[in-house]
Amino acid sequence: MKYTAKYSQLVMPDNINIIGTLFGGQMISWMDIAAAKVSYRFLKETEAIGAVTRAIEKVEFNEPVYSGEWVNFESTVVETGKSSIKIQVDAYAEGRERGKRLACTAVIIMVSVVKDENGQYHKYEHGKLCE
Ligand SMILES: CC(C)(COP(=O)(O)OP(=O)(O)OC[C@H]1O[C@@H](n2cnc3c(N)ncnc32)[C@H](O)[C@@H]1OP(=O)(O)O)[C@@H](O)C(=O)NCCC(=O)NCCS
C-alpha cells in the first residue's frame, strides 16, 4: 500500500525572518508535522502510540516563500525498516503573484514507539512495508 498525506499552512507575518521571507526553522517545523501525519496513517492498526523524529536528512530550500502565501505539504512513506519510517516531504508554495513552486524538500526518518508501564517510550517494530 502507498501511504501519503497532505497538509497546508498559511504563512503569517509572525513566520517571517528579517529579510522578509519565511523563516527556515518554521518551514522545518511544518515539514516535521507533515511527516508526522503520514506516519500516523502508516501506524494505524498497529500497537504503536505514534512515531518520533529520529533524523532530518537532505533539507533543501529551493525557493523563498512570502507572507500571505500558502505552503502545501505532500508527504510519502518511501522506505521502511524494523522500527523506522523514511518519509519524503515536498513543500509547494502557492501565491497570487508567484504561482505554485517547489519551495523545500526533505527526507525525514521517524521511529515508531510504544510506552512501557513506567511511561517511558521505546522503539517498536511495526513490521509493515510500503509500496
Ligand atoms: C527514537 C528512539 C526511541 C530510538 O531509540 P533506539 O532504541 O536507540 O533506536 P535507534 O535510534 O538506534 O534505531 C531506531 C531506528 O532508527 C534508525 N536510525 C537511527 N539513526 C538514524 C539516522 N541518523 N538516520 C536514519 N535512520 C536512523 C535505525 O537504523 C533504526 O531503524 P530500524 O529499526 O528500522 O532498523 C530514541 O533514539 C529517541 O528517543 N530519540 C529522540 C527522539 C526525539 O525526541 N525526537 C524529537 C521529538 S519527536
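Just a few scattered comments:
- Taking a point 7 Å out from the Cα of PHE61 in the direction of its Cβ, the residues of the stretch 82-112 whose backbone N falls within less than 14 Å of it are 103-106.
- Across all directions, the shadow cast by the convex hull of the chain built on its C-alpha atoms averages 8.8 square nanometres.
- Applying a DSSP loop filter and a limit of 14 other Cβ atoms within 10 Å to the GluC sites (Glu not before Pro) in the stretch 77-108 leaves GLU97.
- Listed by Cβ neighbour count within 10 Å, with the fewest neighbours leading, PHE73, PHE23 appear as PHE23, PHE73.
- Cα centroid separation - the stretch 1-37 against the stretch 65-83, whole Å: 8 Å
- Modelled spin-label separation between ASP14 and LEU102, with each label point placed 7 Å from Cα along the Cα-to-Cβ direction: 3.2 nm.
- Based on Cα contacts under 8 Å between residues 6+ apart, the chain shows a relative contact order of 30 percent.
- Across LYS6/LYS123; LYS86/LYS123; LYS37/LYS82, pairs whose alpha-carbon gap is larger than 23 Å: LYS6/LYS123
Values quoted throughout were computed directly from the atomic coordinates according to the rules given, and no laboratory measurement underlies them. This one's a predicted model, so the numbers in the text were calculated from it and none came from an experiment. In this analysis, Cβ positions are derived from the backbone assuming ideal geometry, glycine residues included, and neighbour counts consider all displayed protein chains.
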